[in-house]
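See structure below.
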Amino acid sequence: MISAAALSPGKTLFDDPQLQEDLAEVRRISLGFVSTASPLIRDTLLELFGSGEEKGRGKMLRPALVILAGRSGKWNRDRILPLAAAVEFLHNATLIHDDIIDNSPLRRGQPALHKTAGPRNAVLTGDYLLSCCFSLASRSTHLDNGVHLSRAVARICEGEINQNLGRYNALFSLREYRRRIAAKTAALFCMSLLAGAREAGCPDRLCLRFLRIGYCLGMAFQIVDDVLDYAGQDEVVGKSLGRDIREGVFTLPLIYALIREEDSIGFDQGESLRQLLAHPPYTEETVAAILRRVELFGGAELSRREAAVYLRRGEAEINGLPPGYTRRMLLELSGTLLYRSH
């Protein structure tokens, strides 16, 4: 079995010229599609898809997954790249809506759209991107992939609803957390790989393997994202530490710290986490105290260990793919996820 650790150190899949060329075409497709939008939101959309990586808005990971799975079968550039653009439309729509719901001031270090364009225009922009997603998918892909996209939207919404319902709930369990991030994040990773594989005519057995890979990578990705809220650097992560705590969103580092604290009978160094969490909304002093206790009980490190477990499972599935470009690139991705800084 090939391990991600055996690959070139410091290299990521986004250094690959072929993938960069494909993603550049995805961006051109996206720009062409939004250039006909209403003047009310057109400039916003052109900025969103035109600046992309240069302004820290991400590296189009989910479209990359569509492309990598698409290259594992019969490659059809004219069908798979528009499908990748549709997935990017969907992803950006969910980010915009998330930021509005959470009233987040920043998105990857840049002002969130609802802060620059206003909540009304941000909602309209998110809705328009959803319509672009399904319109583009219906023109370019098999009907099955439209169904998968709609299911992914439903799962993502389910995850966000459950997260909102669970705010400030200090009894939130490991099982509930895993179910939430499976819906909120892993579902789109699964859908991206599955859609690309289906479009490339891969056999059902291979499509199911891509589903399992997407689940493992998506779970690890979200866990690490949640760790960065406790153990990252503000200027690198692009948001202030403890934002999830302030919003009452309790994630894996906090859950593990609560479990560790309750197992440490007689260990007393100030107010317990449950005492600190009992009276929202939290002051900055309370947030700082919670962050200290999560560090004290190793919540972030325990979470990274769980992410590593998902990545090992994912690598085992990736190694079951046919040798070649897709397997190598997915191993490179897996090798960068655990200790990413943003």
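The values are calculated or read from the model by the stated rules, or taken from the named source; none is laboratory data. In this text the structure is predicted, and so the values were computed from the model without any measurement. Cβ coordinates were reconstructed from backbone atoms using ideal geometry, including for glycine residues, and neighbour counts include every protein chain displayed.
Points worth noting:
- Test: residue in the stretch 226-243 that is at pLDDT below 95, surrounded by fewer than 19 Cβ atoms within 10 Å (Cβ to Cβ) and either within 23 Å of residue 154 (Cα to Cα) or of a type in the set (Ser, Thr, Tyr) (or both): yes
- Hits in the stretch 130-173 (condition: surrounded by 13 or more Cβ atoms within 10 Å (Cβ to Cβ), in a helix (DSSP H, G or I) and of a type in the set (A, V, I, L, M)): 130, 136, 137, 149, 152, 153, 156, 161
- Residue check: residue 324 meets all listed conditions (1) under 20 Å from residue 66 (Cα atoms); (2) touching a helix residue (DSSP H, G or I) at 6+ places or on another chain (Cβ under 9 Å); (3) not polar (S, T, N, Q) but one, namely (2).
- Set side by side, the residues 117, 84, 112 differ, and just one is at pLDDT 90 or above and either crowded, with 16+ Cβ neighbours inside 10 Å or touching a strand residue (DSSP E or B) at 6+ places or on another chain (Cβ under 6 Å) (or both), which is 84.
- Some residue of the stretch 170-182 being hydroxyl-bearing (Ser, Thr, Tyr), under 18 Å from residue 302 (Cβ atoms) and more than 17 Å from the chain's Cα centre (by Cα): yes
- Neighbours by Cβ (under 6 Å, 6+ apart or cross-chain): first from the stretch 13-42, closer than 17 Å to residue 127 by Cα; second polar (S, T, N, Q): 41/125
- Considering the stretch 53-76, and only residues there that are in a helix (DSSP H, G or I) and at pLDDT below 95, the residue that is surrounded by the fewest Cβ atoms within 10 Å (Cβ to Cβ) turns out to be 54.
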